[in-house]
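The values are calculated or read from the model by the stated rules, or taken from the named source; none is laboratory data. None of these values were measured; they are calculated from a predicted model. Glycine gets a Cβ as well: all are built from the backbone with ideal geometry, and neighbour counts include every protein chain shown. SASA here: full protein model, heavy atoms, side chains in, ligands and nucleic acids out. Shrake-Rupley method; radii C 1.70, N 1.55, O 1.52, S 1.80 Å.
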Amino acid sequence: MGSLFDTLGWAPLLLSVAIMALAGFVKGAVGFALPMIAISGLGMLLPPQLAVAALILPSLASNLWQALHQGPREAARSLRRHGLLIGVMLVTILITAQTLTLISDRALFLALGAVVTGACALQLSGWTPPDPGDSPGAAAGVGLAAGVSGGLAAVWGPPIVLYLLARGTDKREAVLMQGIAYLLGSVVLTLAHLRSGLISAETAPFSALLVLPAMAGMVAGLRLQARLPQQRFRRLTMLVLLLAGLNLLRRGLMG
């Protein structure tokens, strides 16, 4: 951990704590966007591989709460219902994550920027795909898309959110299913990057350090949830993230 502080300096590391607290606050307030905020903010301060590594443990901790807050029985029921989508996503994350350390910084900035910008643009447009019904092909396709973006950028939510919106899924079920998918995705991503070497004796303590501000921010967001104008706050968050995503694309294009 000491060598990481020496390499990066204190300012980027303290800003990383602030960014993770903000990401946790937004997740607590509106129920999503912790990975997108974290990867957008950290990607402007840190090397892209380190930004992804830093996100892994805070994401795991926040998703554990989201997945289990309705109880293990409800979580198991949701897992059975969406097993194909989640299974394809997990396998794809495991495979895709192994390529992360082989990708250049420039290509990774482009990938991160594309994921964040595309996700925000879709959220802001209000576009909803047609209802695919109970099609196994659609579920597998969504799992594949979520797995690729999750393996590369630790952001797997947008394809799943769009799928649940298209299916007209009840809000309670949608939040639960997302929690299960994100938790299992976080577990697999952690295991995958233990294998790839992205999580190491140097990066793991940094990621663990960011768990506390993420969870503190999430608690604060949950307490203020009822007082916030949800739609306005969500739209503003997406606009800020869109600008951050475009900046990541700029870094990838300009080197």
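In table form, for the structure just shown:
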quantity	calculated
At 1.306 mPa s and 10 °C, Stokes diffusion of region 51-120 via Kirkwood alpha-carbon radius, µm² per second	109 µm²/s
Pairwise centroid distance, computed over Cα atoms, of region 102-145 with region 184-255, Å	17 Å
Cα→Cβ-extended label distance, 7 Å offset, between Arg235 and Thr7, nm	4.3 nm
Accessible area in square angstrom per residue, the chain, 1.4 angstrom probe	45 Å²
Carbon plus sulfur fraction of accessible area for the chain, probe 1.4 Å, in percent	68 percent
Prolate/oblate/rounded label for the chain (Cα gyration tensor, a/c 1.5)	rounded
The chain: calculated mean residue ellipticity at 222 nm from DSSP helix runs of at least 4, using -39500 (n - 2.57)	-26500 deg cm²/dmol
Computed magnitude of the charge dipole of the chain (debye, nearest 20; Cβ of K, R +1, Cβ of D, E -1)	560 debye
Choice from Gly221, Gly245, Gly147 showing the highest fluctuation, given a GNM over the chain with Cα pairs closer than 10 Å	Gly221
